[in-house]
Amino acid sequence: MPKKQTRRDFLKTLGIASFSVAAVPGCTEIKRKSPEKTILSKPNIILIMADDLGYAGLGCYGQKLIRTPRIDQMAREGMRFTDCYAANTVCVPSRCGLITGQHPGHATIRDNFTPHVDINLKNGGGYMRDYPEGAWPPNVTTLGQVLKNAGYKTAQFGKLEAGIPMPAGKMTEHGWDYWIGFRETGAAFQYYPTELWKNDERMTFEANKPQDVRQPGIVGYKGVYSADLFMEEISKFIRENQQEPFFIYFPSQVPHGRSPRDGDQIQVPDIGPYADRPWTHLEKLYAAMMTRFDGHVGQIIDLLKELDLDENTVIFFTSDNGDENSYYKYTDRFHATGPLRGKKRYLYEGGIRVPMIVRWPGQIKAGQTNKLPWASWDMMATFADMAGVKAPEHTDGISVVPTLLGRSDKQTPREYLYWEYQHAKQQAVRMGRWKGVRIGGTKEPIELYDMNKDIGEKNNIAAAHPKIIERISEIMKEAREGSEFTKYWPLPEHRRDDIKMDNSIYKTLGKGGGY
Ligand SMILES: [Ca+2]
């Protein structure tokens, strides 16, 4: 029986073996490396985004205890970034920045919680519902639309869009051909869901009734484990769409656990390689969940190889914000933040600096480490560049394709990256080697750290650099445009005690959450 014709074979038969993406002014030219290989004009793009994975959560970023061999291998085969950032320090605003291509001074959502709640940090502060009209869905071109308009088949699996329920039909309008997952961020803490959404249709899972899946100790010997289900769905989508360029956005739930108050904090079918470790049970569950996820990343890469799509597919792996250890009772077992200061919910590096690995065999040289500071709001411009189309005007992002292809000299320069986050009125600026951060509102002093020497943000050198502080202060004003959120900021001043990075205070904050 003749082998099914692949997209590459098809192009070979057309004799168009040599493509470059230069048809659109401003797009980076992508050349094929070898006369034997066909590189498609529009490479497949897969974006895998972990949820709450800290900077040092992976072996290739210094993790010693949790095994992530396939992601580590992905790093060895591609480019690993040391200074890449999430768009914000918690789920919803981070995803808002990614999907809209905007930094948090422009993005409509700047906190997980609705802006009008009187934030009480000690109670976790409000709820993730009743977002003001206009905050979401956004009225700008979204990531899915950019790729859809560029001719891609698009799909999303996991914690959908910003994690806020969207009206029926809106996902299609946002450019997605196919999607399956959780409509709401809070629902995605559950790995044995009783319902999921597939193309606006509700799916129910009888086998996941609590009495069936909850067992003492490990939960879920039975039922449908959502992370496994997403993996099966991704495989199916790749097989069915291998003949045309596809974009897969895979916002995984992993390794997000549940709030301590919800019980069964981490759900995974087995603890496999960690059963004999001298750790707490929750720590074993957490590690097992991450290693299972790592296996899923490996399965995706194996499938691409099997289908001969490997060299026509770019894979990005990153996280939506920094580490959260409340899921395993705040132990420091895994040191998943590494040398950074702070964790999820802070604009210190531990809250926003995340792993970023990009693999594209034949195009990105293997085994590279790169220090370019960039952020997830650059994805939109980067993907547009790869697809050979112009990025929307509204994006704050730049394409990092020149850096990926080893042409850093052609990389568009930028003066700064900007963040803000409503909780504790935090603002941060990364400007070259400098990192400015202000916590507690505009009356508080700006702290300054040298990212070339002090990624742990231990030594505040603001006093020695008044000119840098002056510029960062200007940026903190000029980068910030009004939104429903800024109407409520400044809120009544928080007590400074609430926002100190004291570990005991952090624990108090963490106990509100899991969010
Ligand atoms: Ca998150």
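Computed from the coordinates by the stated procedures, all read-outs in this text should not be read as laboratory data. None of the values given here were measured: they were computed from a predicted structure. Methodologically, a virtual Cβ is constructed for each residue, glycine included, from the backbone with ideal geometry; neighbour enumeration extends over all protein chains shown.
What the table below lists for this structure:
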item: Ranking of 407, 80 by count of other Cβ atoms within 10 Å, fewest first; result: 407, 80
item: Size-normalised alpha-carbon gyration radius of segment 407-465, reference 2.2 N^0.38 Å; result: 1.27
item: Per-residue ³J(HN,Hα) for segment 85-95, Karplus 6.51 cos²θ - 1.76 cosθ + 1.60, θ = phi - 60°, Hz, x for Gly and Pro; result: 10, 6, 6, 6, 9, 9, 3, 5, x, 5, 6
item: In Å, descending, principal axis extents of the Cα set of segment 43-415; result: 55, 45, 43
item: Mean projected area in nm² (Cα convex hull; one quarter of hull surface) for segment 263-416; result: 12.2
item: Karplus-derived HN-Hα couplings along segment 291-307 (A = 6.51, B = -1.76, C = 1.60, θ = phi - 60°), whole Hz, x at Gly and Pro; result: 5, 5, 4, 4, x, 5, 4, x, 4, 4, 5, 4, 5, 4, 5, 4, 8
item: Per-peptide average of other Cβ atoms within 10 Å, ordering 344-352, 156-164 highest first; result: 344-352, 156-164
item: Computed FRET value (nearest 0.05) for residue 172 with residue 202, which takes r as the C-beta separation and R₀ as 22 Å; result: 0.85
item: Order by protection proxy (mean Cβ within 10 Å, highest first), peptides 64-77, 443-456, 354-367; result: 354-367, 64-77, 443-456
item: Under 5 Å, built H, 5+ apart or other chain: amide partners of residue 247; result: 45, 153, 154, 155
item: Ordering of 244-250, 194-200 by burial proxy (mean other Cβ atoms within 10 Å per residue, highest first); result: 244-250, 194-200
item: From phi via Karplus (6.51, -1.76, 1.60), per-residue ³J(HN,Hα) for segment 446-457 in Hz, x at Gly/Pro; result: 8, 8, 10, 10, 9, 5, 6, 10, 8, 6, x, 6
